[in-house]
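The values are calculated or read from the model by the stated rules, or taken from the named source; none is laboratory data. Because the structure is a prediction, the values reported are computed rather than measured. Cβ placement follows ideal geometry from the backbone for every residue including glycine, while neighbour counts extend to all protein chains displayed.
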Amino acid sequence: MDTHEIEVRRSGRRRRTVSAYREGGRTVVLIPARFSAAEERAWVDAMIRKLAAGDKRRRPSDKQLQERATDLSSRFLGGLAKPVSIAWVTNQSTRWGSCTPSEGTIRISARVKGMPPWVLDYVILHELTHLLEPGHGGEFWSLLASYPRTERARGYLEGVAATAGLPRKEETDEETDVQAGEI
């Protein structure tokens, strides 16, 4: 069972369906009004498990990020990009990801969690490509072109950045990153 707040909402209009979603720091479970207390408990438990499974798929762990990076490098970069580490970080407010090629480390903004998998794959590939080509020159984009959803993912991230009002920033010399304004 989840440790955060659970709110059960009963509806007289609801006949057979049960649904659940996250709202703020709580989970809301919608059930028919006619359900008994035992049915309510069973359905709440089932919906919590279902939401957790979905969270796990959409929000991979650092270990799963590493496995995903290895797979993406193999499929799209010939296995040449081999990061020492890849991890979620919460301190990137204007970047989707960043990479320090000299150390082989990649950081992915926690803001990417929950985005479509093909967007996360693009951000990971963008950073993996920096391990092979630190700048954003022609060779960099040529390597990244092997991913068929590059333009779609870039458009998605541009839309998210514009909606959030994220500023464009220039890159630093050592770190290369996917920034909100230059994906």
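List of remarks:
- With respect to the conditions (1) among the charged types (D, E, K, R); (2) out of contact with any Gly (no Cβ under 9 Å at 6 or more places or on another chain); (3) part of a loop (DSSP other than H, G, I, E, B), Asp121 falls short on a single one, namely (3).
- Checking each residue of segment 86-104 against the condition of being part of a helix (DSSP H, G or I), touching a residue at least 40 places away in the same chain (Cβ under 8 Å) and among the charged types (D, E, K, R) gives no match.
- Qualifying residues in segment 121-163 (those that are hydroxyl-bearing (Ser, Thr, Tyr) and touching a Phe, Trp or Tyr at 6+ places or on another chain (Cβ under 9 Å)) - the one nearest to Gln64 (Cα to Cα): Tyr122
- Sole exception among (1) surrounded by 14 or more Cβ atoms within 10 Å (Cβ to Cβ); (2) touching a Ser or Thr at 6+ places or on another chain (Cβ under 6 Å); (3) in a loop (DSSP other than H, G, I, E, B) for Gly79, by number: (1)
- Enumeration of residues in segment 1-46 that are among the basic types (Lys, Arg) and touching a strand residue (DSSP E or B) at 6+ places or on another chain (Cβ under 8 Å): Arg9, Arg10, Arg14, Arg15, Arg16, Arg22, Arg26
- Residue within segment 111-118 that is basic (Lys, Arg), at pLDDT 95 or above and under 16 Å from Asp62 (Cβ atoms) present: no
- Total residues in segment 14-72, condition surrounded by 16 or more Cβ atoms within 10 Å (Cβ to Cβ) and either part of a loop (DSSP other than H, G, I, E, B) or of a type in the set (Val, Ile, Thr) (or both): 11
- All conditions in (1) at pLDDT 95 or above; (2) β-branched (Val, Ile, Thr); (3) under 22 Å from Ala161 (Cβ atoms) hold for Thr70, with the sole exception of (3).
Each row is one residue, and each column tells you yes or no for (1) surrounded by fewer than 14 Cβ atoms within 10 Å (Cβ to Cβ); (2) modelled with pLDDT under 95.
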position: Glu127; (1), (2): no, no
position: Leu131; (1), (2): no, no
position: Pro134; (1), (2): no, yes
position: Phe140; (1), (2): no, no
position: Thr150; (1), (2): no, no
position: Ala153; (1), (2): no, no
position: Val160; (1), (2): no, yes
position: Thr163; (1), (2): yes, yes
position: Arg168; (1), (2): yes, yes
